[in-house]
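Working notes for the structure below.
What follows draws every value from the coordinates through simple rules; no lab data is involved. These numbers come from a predicted model, not from an experiment. Cβ sites come from the backbone with ideal geometry, for glycine too, and all protein chains shown count toward neighbours.
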Amino acid sequence: MDNVTLARATMGTSLAFHIVFAVLGVGLPLLMLVAEGLWLRTQDEVWLNLARRWSKAFGILFAVGAVSGTSLSFELGLLWPRFMAFSGAIFGLPFSAEGFAFFIEAIFLGLYLYGWDRLTPVVHWLTSIPIAVSGALSAVFVVMANAWMNSPSGFRLGSDGGLLDVDPLAAALNPSTPTEDPHMLVSAYVVTGSLVASVYAIGLLRRRDDPLHRRGLVLGMSMAAVAIVLAGITGDTSARFIYQAQPAKFASMEGIYHTVRGAPVHLGGIPVDSEQRVVGAIEIPNLLSLLAAFDPNAVVRGLDTFPPNDRPNTVLVHLSFDTMVGFGTLIGLTAALFWLLVIFRRRLPMWRPLLFLIVVTGPASVMAMEAGWFVTEFGRQPWIVYEVLRTSEAATNAPALGPTFLIFFAIYIGLAVTTARLLLLQAKRNRAAA
Amino acid sequence: MSEAEIVAAILWLALTAYAVLAGADFGGGVWDLLASGPHEAEQRRAVAEAMGPVWEANHVWLIFMIVGLFTGFPAAFGILSMALYLPFTIALVGIVFRGAAFAFRAHGREEVGAASAWGVAFGGASVIAPFFMATGAAAVASGSIRVSGGHLVSGFEAGWATPYGLLVGLFAVAMCAYIAATYLTVETEGTPLEGDFRRRAAVAGLVAGAAAITSLVLAPFAAPSLAHALFGRGLPLLVIALINGPIALVAVWRSRPRVARIAVAAQVIFVLWAGAVGQWPYLVPPDLTIADAAAPNATLTALLVVTGIGSLLLLPSLWFLFRVFKSRNPAAIY
């Protein structure tokens, strides 16, 4: 395999692995903050117990997230030296800000994890606030840099290819930032909330019906429910922005091969490039134009208007998009059903099919988020910096990229398996202690 | 000083902080690996207790340097990422294993103390990471990384896969072990472990000293630009570092752990700054100066503003962290 493919494989594996830990680094501190705060207020030990359990799990999750994030910061240069030499001065600023946010998160996490006996309860609770805030800010800053790759701005290219008029603030606040950033931030809470709810739904299905499991479920479902509504809204604005700014990505998401007035939505189906159409999809006429431009007869640009080497992989992007939307919808409907039952029956629904559905939303939320990143990243191809620098021109020519990929692939598998095993071990110990 | 030079100095400060703080964490891994004698398990627990609350914060200095380098000096970052692809990738594997293994063991099946697979992974990775990062530093300082017309022309092995590169790697690992052992004598003051770490500090100090003197003697032949830097403008700082060597060893030997801690850290700090001052204004000698590699002024200004604001939040937080966990008064409760 060539270096570009190997560099993409290594980077993609690292990102797909890291993002799971990164979103938990955003969401879990907020849940810990709420649970510990409720304990301080009510003196009910169940809340403290929840916060302590999450804090133990977070000790492992944050460490794995930190080291895999370190991998990524190195890999930006090791795999894409030409990209970084070109872009560093323009989009490095949010990374530097993220460096400080991560610093604050790591410092206060040290205080939080090891300070249970060294700090007074109120001071201990206070240390969770900077963790939750800087966790969210880290995500916001990093996604700004990714948004810049989608909407490169804040510079001009000179006639010799050199950079002119570099404005790092304009680059950080590029046109993609207002849509991409909020969508990723709320998605982090969707994933955290869904995974936490999923864990406690498993316990309840196994007839471990106690206040701890019920409250864990309620906190997880609260976070997931609020966040999934916001994810729908921000996802909608993102898609409408992409319709304007990245028509090739948009056409791939929806499988639109030919420019058309009054474009349909293709639900499901598989795009077939050789036939220039989506096979096996449910077609809803005019809906895409209506969603994208609030006009059922709006024109949607087709993939045929782009030269073949400027088109993303339509099969991958369309299927990823439908996966994201499909699982997102499942999470939304599950949360709606859960909260409607809570509101109308005034107690927690212990209906087993619903609990089973909640278990499913955990992994579904992770897949939805991964699929969303597939849409963003594969949809931007063949560009690493949209319409400025091609991915094929950015990779390193270093030797031994194949072994690098295999080693990191093996490491991530090992870390994932070990993390899962240790979390299960913690759960077992928690049960034994209870 | 130009903005680029200020940014370069800040990055060098971050490197210094990383060396004296995270260096001790890597050294802790070495002593975990080499734990022995009647207090073997207690030694491992002392390392784990000392590192636990602070190692992740100490690690962030590295991230800070990487992002600062690619923002402030993107051309240098691109060149170094290519020239040092192999040692940095190996160091990265070490960094990933070290952190993950430490966390896995801390939350694992067995108590920290007995020898365990994750413990060996933690210790082994703690040797690999500083060793290969230091070989990369040797490649830069020895002037082996050559750039022509903005392109790397010296290939992927220059300067680090050499006997001199390996010697510098050995020096770095010994130095990490030395720092860790002296810090640990302070942490275990008044317990039976103090003697264990005192002896370990003395051995590591002698090894590090021998490696340092060999590196200096060989520098004019194996690494001319490093010799030029250290024996030229960097000489006064190098002399201060060298004076601290015997002070530290004597302090270790005569059980003055607090003096030893300061003297050992001073050696690291003054050697690093002797190198920096000596090779000024070069970032990657002999072809890339700080000015050559610098980002446009708008970026440097923005980076300095972010660093200023960030530091206002960071420094008090760091102070609080170390105050809570590193002050010797166990009753210190906030």
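Highest GNM mean-square fluctuation, chain B, Cα pairs closer than 10 Å: which of B:Leu218, B:Leu226, B:Leu11? Per the Cα network of chain B with a 10 Å cutoff, B:Leu218 tops the list. Its Cα centre serving as origin, the range B:1-46 has a Cβ charge dipole (Lys and Arg +1, Asp and Glu -1) of approximately 140 debye.
Dipole orientation for the range A:205-322: of the candidates A:Gln276, A:Met253, A:Gly232, A:Gly232 has the Cα lying most toward the positive pole (charges on Cβ; Lys, Arg +1; Asp, Glu -1). When the alpha-carbon atoms of the range B:3-304 are used, the pair Rg, Dmax equals 19.2, 60 angstrom.
Of interest is the spacing of the C-alpha centroids, which for the range A:76-140 and the range B:141-161 amounts to 33 Å.
Taking the C-alpha atoms only, the angle from helix A:45-79 to the longest principal axis of chain A is near 30 degrees. Scaled against the 2.2 N^0.38 Å expected of a compact globular protein of N residues, the Cα radius of gyration of the range B:1-82 reads 1.45. Sparsely packed loop sites in the range A:326-434 (the GluC sites (Glu not before Pro) outside DSSP H, G, I, E and B with at most 15 other Cβ atoms within 10 Å) comprise A:Glu387. Restricting the range A:272-373 to chymotrypsin sites (Phe, Trp or Tyr not before Pro) that sit in a DSSP loop and have at most 11 other Cβ atoms within 10 Å of their own Cβ leaves A:Phe294. The lysines whose alpha-carbon is closer than 20 Å to the alpha-carbon of A:Lys56, local same-chain residues fewer than 8 away aside, are A:Lys428.
Among the trypsin sites (Lys or Arg not before Pro) in the range B:58-127, those placed in a DSSP loop whose Cβ has at most 15 other Cβ atoms within 10 Å are B:Arg109. Taking B:Val207, B:Val30, B:Val324 as the candidate residues, the one with maximal mean-square fluctuation in a Gaussian network model of chain B, Cα springs under 10 Å, is B:Val324.
Across chain A, the longest run free of exposed loop sites, meaning trypsin sites (Lys or Arg not before Pro) lying outside DSSP classes H, G, I, E and B with no more than 15 other Cβ atoms within 10 Å, spans A:1-205. Both numbers refer to the Cα atoms of chain A; Rg and Dmax are 22.8, 70 Å.
Connecting C-alpha atoms closer than 10 Å in a GNM of chain A, tell me which of A:Val67, A:Val196, A:Val265 has the biggest fluctuation. Among A:Val67, A:Val196, A:Val265, the largest mean-square fluctuation in the Gaussian network model of chain A belongs to A:Val67. Considering every alpha-carbon pair of the range B:175-294, the percent of pairs per 5 Å bin, from zero through the bin containing the longest distance, is 2, 13, 19, 19, 14, 12, 9, 7, 4, 1, 0. The mean sequence separation of alpha-carbon pairs under 8 Å and at least six residues apart, normalised by the residue count of chain B, gives a relative contact order of 22 percent. As a ratio to 2.2 N^0.38 Å, the alpha-carbon radius of gyration computed for the protein assembly as shown takes the value 0.99. What you get for chain A, charging only the Cβ of Lys and Arg (+1) and of Asp and Glu (-1), is a dipole of about 1920 debye around the Cα centre. Taking each DSSP H run with n ≥ 4 as -39500 (n - 2.57) and averaging over every residue of chain A yields -26000 deg cm²/dmol at 222 nm.
The residue among B:Ala117, B:Ala76, A:Tyr189 whose Cα reaches farthest toward the positive pole of the charge dipole of the protein assembly as shown, with charges on the beta-carbon of Lys, Arg, Asp and Glu, is B:Ala117. Computed from Cα atoms, the angle from the helix B:257-279 axis to the main principal axis of chain B rounds to 10 degrees. Amide H of A:Arg277 versus every other amide H placed in the peptide plane: which residues, excluding those fewer than 5 positions away on the same chain, fall under 5 Å? HN-HN under 5 Å from A:Arg277: A:Val272. Candidate cross-link partners of B:Lys326 among the aspartates and glutamates, defined by an alpha-carbon separation under 13 Å and a same-chain spacing of 8 or more, comprise B:Glu49, B:Glu187, B:Glu189. Entry note: the range A:180-331 has Rg to Rh equal to 1.11, where both radii use alpha-carbon atoms and Rh is the Kirkwood radius.
The Cα center of the range B:303-328 and the Cα center of the range A:234-278 differ in position by 48 Å.
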